[in-house]
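Throughout, read-outs are computed from the coordinates displayed, never taken from laboratory work. Keep in mind that what you see is a predicted model, and the values were worked out from it rather than measured. FYI the Cβ positions are ideal-geometry reconstructions off the backbone, even for glycines, and counts take in every protein chain you see.
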């Protein structure tokens, strides 16, 4: 009887671990280190992100590798379906339409259909950061197919690194690696998400 209980608990534990569907705090700030590679180009950048889940919007600003940190910012507002590309120094702004769903952007959350692929620890002993990894696939209306692997902290589902392999309709491949650091729950400066008057006009 004891053995049956142990086996049942082990099965339940495995089922819980293998289930996706978790999200980090609904509002946060973080730096994103981005690497994009395809057959013709390689791009790297370090951006600052402000994520406002309840209002379905987020901001990416600057690129410290090109000395643009703080001078340019893009605000993606999915409730309005508009993105604002803002140059703070030049006081200029352009807009472009947004498509798709907010929750599918930046792969911040682990979706329900994600498959658990293993766990790991960064560091050692009591100072180790324990993490879980998942894998899932997405097909987009434009024909792109994506295989996504993501690693998040065991506690609070905070993203650590996401790797996306994309194949377009013509068969071309690209690799997108997104790493997070200096993660801070909540929004330190909500004014960064305000649309300036010269952009609304």
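Key figures for this structure:
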| quantity | calculated |
| --- | --- |
| Single match in 180, 184 (criterion: in contact (Cβ under 8 Å) with a residue 60 or more places away in the chain, surrounded by fewer than 16 Cβ atoms within 10 Å (Cβ to Cβ) and within 27 Å of residue 61 (Cα to Cα)) | 184 |
| Leading residue by the ranking (farthest from residue 53 (Cα to Cα)) among those in segment 78-92 that are in contact (Cβ under 8 Å) with a residue 40 or more places away in the chain and surrounded by 15 or more Cβ atoms within 10 Å (Cβ to Cβ) | 86 |
| Any hit, segment 30-51, residues being surrounded by 13 or more Cβ atoms within 10 Å (Cβ to Cβ), part of a loop (DSSP other than H, G, I, E, B) and touching a residue at least 12 places away in the same chain (Cβ under 8 Å) | no |
| Residue match in segment 111-122 (condition: under 15 Å from the mean Cα position of the chain (by Cα) and surrounded by fewer than 19 Cβ atoms within 10 Å (Cβ to Cβ)) | yes |
